[in-house]
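Everything below concerns the one structure shown next.
The values are calculated or read from the model by the stated rules, or taken from the named source; none is laboratory data. What you are looking at is a predicted structure, and each value in this text was computed from that prediction instead of being measured. Please note: Cβ atoms are built from the backbone with ideal geometry, for glycine as well, and neighbour counts cover all protein chains shown.
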Amino acid sequence: MYVRDAKNREEVWLLDAIEAMELDETAFRSRDYVVAVDETSGEKAGFGRIRVHKRDDGASTDTDSGRAGGRADDVCELTSVGVLESWRGQGVGAHVVERLVEYAGDQGFETVYSLTGEGSYLAQFGFRRIEESALPGPLQKRLEDKREGVDPDAVPLEIDVDEFQLPERLREAFKRAPDGRDEASDDDSPEDFGIDPESATYKYDTGR
């Protein structure tokens, strides 16, 4: 199992998974995401996103650079972390979070914020709850929007990048390949491009 940057062709898969899990897809851009992939089968197991906000007069606006960082006063948010049901409990989400926090640090961010009702999950990595008044301006409005939308129980959390810790039990779980899975391929499939193979027709009539 490994975590890599999302590919452009995975946009449809990501949007379908986000919708199925009722996660936040605000200002969706596939290049902001990472994807966890089983190296044996090629099966996608989970994903997550780093969203960068500009701190302009309290307004929340995504930078054009995505995970490429931004100005010194930009704000980094961890959001939309999801794991497919059949892969849960195997450390997938933990490694997605780890990779995203690493990316944030690589781009010069010292602090990563998250607005979520799953605070107890993130606490095991070192995230701590903070007062709403301590949130940067763009995230205060974002918190209101999340509570009114996909996550009514969202609370503000933060972590200093250097304080992130991955529990060893989750690291070991991630290393172990699950049993009982057929080998698959990470090659392009019709679904990757938003094509329903059951209803699609061939471009050329082969006479078959």
- Query: Which of the residues spanning the range 99-138 are out of contact with any helix residue (DSSP H, G or I) (no Cβ under 9 Å at 6 or more places or on another chain), surrounded by 15 or more Cβ atoms within 10 Å (Cβ to Cβ) and part of a helix (DSSP H, G or I)?
  - Reply: ARG99, GLY119, GLY137, PRO138
- Message: Can you pull out every residue in the range 31-80 that is among the β-branched types (Val, Ile, Thr) and at pLDDT 55 or above?
- Response: VAL34, VAL35, VAL37, THR40, ILE50, VAL52, VAL75, THR79
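Which residues, counting only those in the range 144-168, are without any contact (Cβ under 8 Å) to a residue 40 or more places away in the chain and farther than 19 Å from GLY82 by Cα? Reasoning before the result, please.
First, pick out the residues of the range 144-168 that are without any contact (Cβ under 8 Å) to a residue 40 or more places away in the chain: 144, 147-148, 152-154, 163, 168.
Scanning the range 144-168 gives GLU144, GLU148, GLU163, GLU168.
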- Task: State the number of residues belonging to the range 128-166 that are touching a strand residue (DSSP E or B) at 6+ places or on another chain (Cβ under 7 Å) and not acidic (Asp, Glu).
- Result: 18
- Note on the structure: Within the range 139-171, residues being farther than 30 Å from MET1 by Cα and part of a helix (DSSP H, G or I) number 10
